[in-house]
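Below: one structure, written as C-alpha cells.
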Amino acid sequence: MRVDRLHPWPADVAEAEAIQERLRDRVELTGPTAFTTVAGLDVHYHGDDELSAAVVVLDGGTLDVVEQVVVHGRAAFPYVPGLFAFRELPALVEALERLTVTPGLLVCDGYGLAHPRGFGLACHLGVLTGLPSLGVGKTAFVGTHEEPSPERGAWSPIVLDGVTVGRALRTRRGVKPVYVSQGHRIALDTACDQVLRLAPSVRLPEPIRRADHLARHGA
C-alpha cells in the first residue's frame, strides 16, 4: 500500500513538535462507519532501542487474518513524552508499505486526539495514509475522566482543556477500560463501536492482540 511521506523524519524535539502542529490541521473527525478490512498495528521493544513493528490485516467480518507484515529495526527518535510516535513511525510506515492490500481502518496501540498537541500516533498514521484510524491506549495519558460503570459498553468522556478528546470504554464487564480516541476520518461514536465489535470477549481489540503477538514472536 502507499504511504505519503509528508515530511522528513525529525532530528530534534523542535522539529518533531513543528511537524505535529503542521499536520494536526489535516485531521478529519468524520468518515465511514463500516470497514471490510481492519489492520492492527503494534510495536514491541527488544531492550531499549531494538524493535519489531507489526501490521496485521483482518477480515472485518470474520476477523480472520488477511495479511501480516513484521519489520525489525531500531527506535528512530529518543523517548520524549508526547513525541513517542516518532520512535516507531519509520518502522510502522515500512511495514504498511509492504502490505499488498490496503486496509479500510487502522487500529493503533496508542493515542490519537488524546495527546498533548492533539496529534498522537493514530492521527499521524491516518494523515500519512489517508485512511480512517483510531487509537486504543491501555492506560490513561492526558485529560481527566470518570470511571465508567462496570458493564461492557459503558464509557465516560476523556476531557482535556474543556474538550472531549476520547472515551474510557469498558470492553469487558468488570475489567479495566481502554482509552479510545479518534485518529483520522472517523467519528468518536464509530471508533468506540468498532473497538467493541473488534473485542467481542477480551479487553483489547483483536487486531491489536494479533499485531502484539506478531511483533513479540514473529509468527
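Readers should treat all values here as calculations from the given coordinates under stated rules, not as data from a laboratory. Owing to the predicted nature of the structure, the values given are computational and were not obtained by experimental measurement. Positions of Cβ are backbone-derived with ideal geometry, glycine not excepted, and every protein chain shown enters the neighbour counts.
A Cβ-based charge dipole, computed about the Cα centre of the chain with Lys and Arg at +1 and Asp and Glu at -1, lands at about 480 debye.
Positive-end ranking of 13, 154, 84 along the dipole of the chain, with charges on Cβ about the Cα centre, is headed by 154.
Amide H contacts of residue 172 (H built 1.01 Å from N, in plane; Pro and chain starts excluded): 153 sit under 5 Å, all sequence-distant by 5 or more or on other chains.
Contact order for the chain, expressed relative to its length and based on alpha carbon pairs under 8 Å spaced 6+ residues apart, stands at 23 percent. Running Debye on region 1-73 with equal point scatterers at the Cα sites and no solvent, what base-10 log of I(q)/I(0) appears at q = 0.19 Å⁻¹? Taken in order of the listed q values, log10 I(q)/I(0) reads -1.11. Based on C-alpha pairs under 8 angstrom that are at least 6 apart in sequence, region 88-155 has a relative contact order of 28 percent.
Hey, got the dipole for region 93-206? About the Cα centre, +1 on K and R Cβ, -1 on D and E Cβ, debye to the nearest 20? Walk me through the numbers before you get to the answer.
On the way: 12 positive and 10 negative charges, 55 e Å.
Charge dipole of region 93-206: 260 debye, to the nearest 20.
Structural descriptor for region 56-106: relative contact order 31 percent, calculated from alpha carbon pairs under 8 angstrom and at least 6 residues apart.
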